[in-house]
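To start, the structure itself, in C-alpha cells.
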Amino acid sequence: IIAEHTVVQCNRLAVQMGARYEYTFALELLYKAEALTRGTDMKHTFASRARRLQLRSLTFNNLGCLRKKEGALEKAVDCLQKAISIDRTLFTTSPSSLLNLSAI
C-alpha cells in the first residue's frame, strides 16, 4: 500500500505544479506514478489490481491534461486514450477523461 500512497501523492503534487506552470517537475512526478502502476510485480503494494488500474488511469488522465497545457496535443490525446482504455478494462469510464479528450 506504500506504492498506492506514493502514486496518490505524486498525482496530487503534479496537479498543483501544473497549475503553477512547473511542467518539468509535474511530469517527473507523473512518470514516477506511471512507473509504479505499470506492472504486476507491484501487486502487493496496492489494495487490489482494480485500485492499481484506477490510479494508473488517473495518472494518464493527469498526464493528458498536463500535455495539453504544454501544447503537446498528440501526446495529450494518447495519454487520455490510455486512461479511457484502462477504465474500460474495469468496466467503467471516467467522465473526466472523456471530457478532457473532447476539449482537445
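The values are calculated or read from the model by the stated rules, or taken from the named source; none is laboratory data. From a predicted model like this one, the values you see are computed outputs, not experimental measurements. Don't worry about glycine lacking a Cβ; one is built from the backbone with ideal geometry, like all the others, and counts go over all protein chains shown. Areas reflect the complete protein model, heavy atoms only, side chains present, ligands, DNA and RNA absent. Shrake-Rupley method; radii C 1.70, N 1.55, O 1.52, S 1.80 Å.
Please find the FRET efficiency linking Gln9 to Ala47, where r is the Cβ-Cβ separation and R0 is fixed at 22 Å, and quote it to the nearest 0.05. The pair Gln9/Ala47 has a calculated efficiency of 0.90. Surface composition of the range 1-93: carbon and sulfur make up 57 percent of the accessible area, probe 1.4 Å. Full extension of the chain between Asp78 and Tyr23 gives 18.0 nm of extra length, using 0.36 nm per residue less the Cα-Cα distance. The trypsin sites (Lys or Arg not before Pro) of the range 2-104 that meet both conditions, a loop assignment by DSSP and at most 10 other Cβ atoms within 10 Å of the site Cβ, are Arg20. Largest first, the residues Asp87, Asp78 sort by 1.4 Å accessible area into Asp78, Asp87. In the context of the full set of protein chains, the chain has a per residue accessible area of 58 Å² (1.4 Å probe). Sequence-ordered 3J(HN,Hα) estimates for the range 6-11 from the Karplus curve with 6.51, -1.76 and 1.60 and θ = phi - 60° stand at 4, 5, 4, 5, 4, 5 Hz, glycine and proline given as x.
Across the alpha-carbon atoms of the chain, the computed radius of gyration and Dmax are 12.9, 37 angstrom. Could you tell me which chymotrypsin sites (Phe, Trp or Tyr not before Pro) in the range 25-104 are loop residues by DSSP with no more than 15 other beta carbons within 10 angstrom of their beta carbon? Sparse-neighbourhood loop chymotrypsin sites (Phe, Trp or Tyr not before Pro): Phe91.
The GluC sites (Glu not before Pro) of the range 27-85 include none that meets both conditions, a loop assignment by DSSP and at most 11 other Cβ atoms within 10 Å of the site Cβ.
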